[in-house]
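Q: Below is a structure I'd like to ask you about.
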Amino acid sequence: MNHDPFYWGRPSDETYGHYNHAIANAKSQIPTSHTQQPIITGTSVLALKFKNGVAIAADNMGSYGSLLRFNNIERLIRVGTETIVGISGDISDLQYIERLLHQLQTEEEVYDSDGGHNLRAPHVHEYLSRVMYNRRLKMDPLWNAIIVAGFSDDRTPFLRYVDLLGVTYGSLALATGFGAHLAVPLLRKLVPYDADYEKVSEEQARVAIADSLRVLYYRDARSSDKYTFAVLTFENDKINVDYKQDLKVENQSWRFAENLIGYGSKQQ
Amino acid sequence: MFRNNYDNDSVTYSPTGRLFQVEYALEAIKQGSAAVGITSGSHVVLVALKRNAEELGSYQKKIIKVDDHMGIALAGLAPDARVLSNYLRKLAMNSKLVFNRPLLTSKAVLSIADKAQENTQLYGSRPYGVGLLVAGWDETGAHLYEFQPSGSVLEYNGAAIGARSQAARTYLERNLDAIRSCTEIEELVVHGLNALRDTLSQDMELTIQNTSVSFVGKDKDFTIHDNEDVQQWLDKLDSTSNDKNNANDDEDDDNDEPAEGTATAADSTQPELTQEGAAADDNMETD
């Protein structure tokens with residue numbers, strides 16, 4: 001026996017030959033993992049609470065790197081009768097999450113024969129946060145940032161975020177991706193404090209989201225001017241979902257563009 | 001000796017369209033001691049009669065808590081009930097963890113019904129030999145369900161399972177209006193215990209050892225009372241109604257007349273009671 005501590009627990013050289021150190025430093029042998037980076041991506045999702053509801057919007061672009069490859073990707077998913085899930089990030093992972101949510105609804109219908117409409121936004125968000133964190137633990141995350149919009153059990157507006165790390169947070173104004181930098185300050189200008197969402201009217205919220213989408217279209221090179229806009233309101237004991245597709249960013253003015261310098265080739 | 005050719009397994013129908021193994025499983029429920037459940041719309045009460053296999057032994061537990069808002073009472077094979085209650089607990093935990101919401105009573109009971117139904121259709125399996133009363137409070141209100149090994153599930157305002165439970169059902173039918181209009185848990189428990197007491201044979205009484213009381217409902221977590229905690233309920237029982245061995249049985253203080261005038265109902269239930277009682281004495285493995 002070799003009494004040198006360095007050789008403890010190793011196969012003996014006499015029997016097996018020299019230890020192959022490449023086994024311990026197997027960097028070159030890790031399998032290629034094509035799923036661990038996004039391929040086709042969707043950009044920001046924006047959402048804002050107001051007095052008696054929530055507004056959420058996302059454009060229809062699916063980019064392949066910097067190539068604007070698809071302009072017909074729907075990124076707002078309806079779950080049940082009173083919840084909208086907005087997803088940015090990898091589009092194939094989006095489609096997988098969409099399938100999960102549809103399965104969830106089917107199972108819910110099987111056991112909810114009385115039609116209690118039990119699956120609400122907080123439950124959908126909790127479920128998605130478990131899915132996202134579970135995939136993160138497997139070192140195979142779903143490459144998305146998600147915003148869930150709807151109503152709490154007591155019918156107050158519900159808005160909460162979860163991303164590929166499993167991080168969650170809620171706020172009166174939420175945005176994913178580029179929108180978190182560009183749109184959130186604009187939305188926050190309307191209402192600086194979370195508790196004040198009750199001072200915002202539906203109309204103000206609609207305008208603020210539409211304005212933010214326009215600014216994003218000016219500044220975010222992965223965005224498009226075709227978008228989907230969903231507004232959920234709770235009125236007269238009833239939840240109303242206004243879900244509009246194929247909207248166009250209005251009031252565009254590119255006059256500021258001629259003064260831009262510093263991008264691309266040198267200008268006079 | 002009479003032999004039945006169609007009860008060797010649970011998947012073969014008899015020519016008359018019956019599944020004998022499933023029917024035998026339903027018989028196993030009747031071997032167990034009685035459990036009674038009633039609901040007022042805002043609360044559900046489960047009460048049950050416990051048995052001890054022998055004088056020196058402990059009493060078999062009859063009421064099992066599933067979650068803060070749900071519990072079950074059992075009649076039949078207690079080990080089968082444990083398996084089902086463990087499954088329910090798993091579902092309840094999963095609902096809390098994954099969806100951050102309490103398990104719906106209807107979903108819980110349909111889930112175990114699905115599990116039980118498989119056993120009536122799979123070769124080589126045995127149907128569960130236990131009946132359950134499932135009590136729960138959720139966002140859709142207070143609910144009481146009866147679960148059977150056949151996989152059937154029905155919602156009830158009042159239900160009784162186990163040995164001599166027909167007597168309890170008779171009490172519940174007579175007092176349905178009073179039970180439904182109960183606003184306090186106390187009244188509901190008294191009705192439950194009255195019904196349970198009707199299932200007892202002549203020489204038995206409700207004691208703190210053999211009685212389990214539980215309730216759940218609005219702003220009230222599922223609570224089980226055993227032993228000393230039951231005394232308060234038995235005290236209420238004696239103050240609101242006469243001893244059951246009294247000649248004039250008028251436990252239902254809201255209508256005295258029918259108590260005497262229901263000889264026909266009593267007659268029709270009597271043979272069944274003695275039969276069930278005798279069967280219960282034979283077999284001590286069911287509770």
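Q: Projecting each Cα onto the charge dipole of the protein assembly as shown (Lys/Arg +1, Asp/Glu -1 at the beta carbon, about the Cα centre), which of B:43, B:127, A:193 comes out farthest on the positive side?
A: Most positive-ward Cα: A:193.
Q: Rounded, prolate or oblate: which one fits chain A, using the alpha carbon gyration tensor with axes a ≥ b ≥ c (rounded when a/c is under 1.5, else prolate when a/b beats b/c, else oblate)?
A: Oblate.
Q: Specify the inter-centroid distance of the stretch A:215-268 and the stretch A:195-209, based on alpha-carbon positions, in whole Å.
A: 18 Å
Q: Against the 2.2 N^0.38 Å scaling, with N counting residues, where does the stretch A:209-268 land? I'd like the Cα-based Rg ratio to two decimal places.
A: On the way: Rg = 17.2 Å, N = 60, 2.2 N^0.38 = 10.4 Å.
For the stretch A:209-268, the normalised Cα radius of gyration is 1.65.
Q: By a straight-distance test (C-alpha under 28 Å), which lysines pair with residue B:220 as possible cross-link partners, with residues fewer than eight away in the same chain excluded?
A: Result set, ordered by chain and number: B:50, B:61, B:62, B:65, B:90, B:96, B:107, B:236.
Q: May I pose another question? Classify the stretch A:121-268: rounded, prolate or oblate, from the alpha-carbon gyration tensor (a ≥ b ≥ c, eigenvalue square roots; a/c under 1.5 rounded; otherwise prolate if a/b is larger than b/c)? Numbers along the way, then the final one.
A: Working: a/c = 2.18, a/b = 1.31, b/c = 1.66.
Oblate is the answer for the stretch A:121-268, as a/c is 1.5 or above yet b/c matches or exceeds a/b.
Q: Using 7 Å Cα-to-Cβ label points, what is the residue A:204/residue A:78 separation (nm, one decimal)?
A: 2.9 nm
Q: Taking only protein heavy atoms and a 1.4 Å probe, what accessible area per residue, in Å², does the stretch A:40-249 have with all protein chains in place?
A: Values: 9360 Å² over 210 residues.
Computed with neighbouring chains in place, this is 45 Å² per residue.
Q: Under 20 Å from the Cα of residue A:51, which lysines turn up, not counting those fewer than eight places away in the same chain?
A: Within the straight-line cut-off, residue A:51 pairs with A:189, A:199, A:238.
Q: Within chain A, what's the longest stretch lacking trypsin sites (Lys or Arg not before Pro) that sit in DSSP loops with no more than 12 other Cβ atoms inside 10 Å? Present the calculation step by step, with values, prior to reporting the outcome.
A: On the way: sites that count: A:138, A:266.
Maximal segment without exposed cleavage sites: A:1-137.
Q: Hey, if we sort A:68, B:196 by accessible area with the 1.4 Å probe, largest down, what's the order?
A: Values: A:68 85, B:196 0 Å².
Ranked list, largest accessible area first: A:68, B:196.
Q: Total Å² of accessible surface buried at the A-B contact, 1.4 Å probe, nearest 100? Walk me through the intermediate numbers first.
A: Numbers: alone 15950 and 14260 Å², together 28990 Å².
For chain A against chain B, roughly 1200 Å² becomes buried.
Q: Let me ask something else. Just in the stretch B:155-246: which trypsin sites (Lys or Arg not before Pro) are loop by DSSP and have at most 15 other Cβ atoms within 10 Å?
A: B:218
Q: Additional query: So if the hydrodynamic radius of the stretch B:122-164 is defined as the Kirkwood radius over C-alpha pairs, what does Stokes-Einstein give as its diffusion coefficient at 20 °C and 1.002 mPa s, in µm² per second?
A: Details: Rh = 12.0 Å.
Roughly 179 µm²/s, to the nearest whole number.
Q: What is the list of residues in the stretch B:9-37 whose amide nitrogen lies under 12 Å from a point 7 angstrom out from the Cα of residue B:123, following Cα to Cβ?
A: Correct set: B:9-12.
Q: A further question follows. Cα gyration tensor of the stretch B:1-54, axes a ≥ b ≥ c as square roots of the eigenvalues: rounded (a/c below 1.5), prolate (a/b > b/c) or oblate? The partial results should precede the final answer.
A: Details: a/c = 4.72, a/b = 1.92, b/c = 2.46.
It is oblate, given that a/c is not under 1.5 and a/b is not larger than b/c.
Q: At q = 0.10, 0.14, 0.15, 0.17 Å⁻¹, what is the log10 ratio I(q)/I(0) for the stretch B:1-94, with the Debye formula run over Cα points and no solvent?
A: The Cα Debye sum returns log10 ratios of -0.41, -0.72, -0.79, -0.91.
Q: With loop defined by DSSP as not H, G, I, E or B, and exposure as at most 14 other Cβ atoms within 10 Å, which is the longest segment of chain A clear of exposed chymotrypsin sites (Phe, Trp or Tyr not before Pro)?
A: Numbers: sites that count: A:8, A:19, A:193, A:254, A:263.
Looking at chain A, A:20-192 is the longest stretch - no exposed chymotrypsin sites (Phe, Trp or Tyr not before Pro) with at most 14 other Cβ atoms within 10 Å.
The values are calculated or read from the model by the stated rules, or taken from the named source; none is laboratory data. Here the structure is a predicted model, which means the values were calculated and not measured. With ideal geometry, Cβ positions are generated from the backbone for all residues, glycine too; neighbour counts draw on all protein chains shown. In case anyone asks, the SASA skips ligands and DNA or RNA and just uses the protein heavy atoms, side chains included. Shrake-Rupley method; radii C 1.70, N 1.55, O 1.52, S 1.80 Å.
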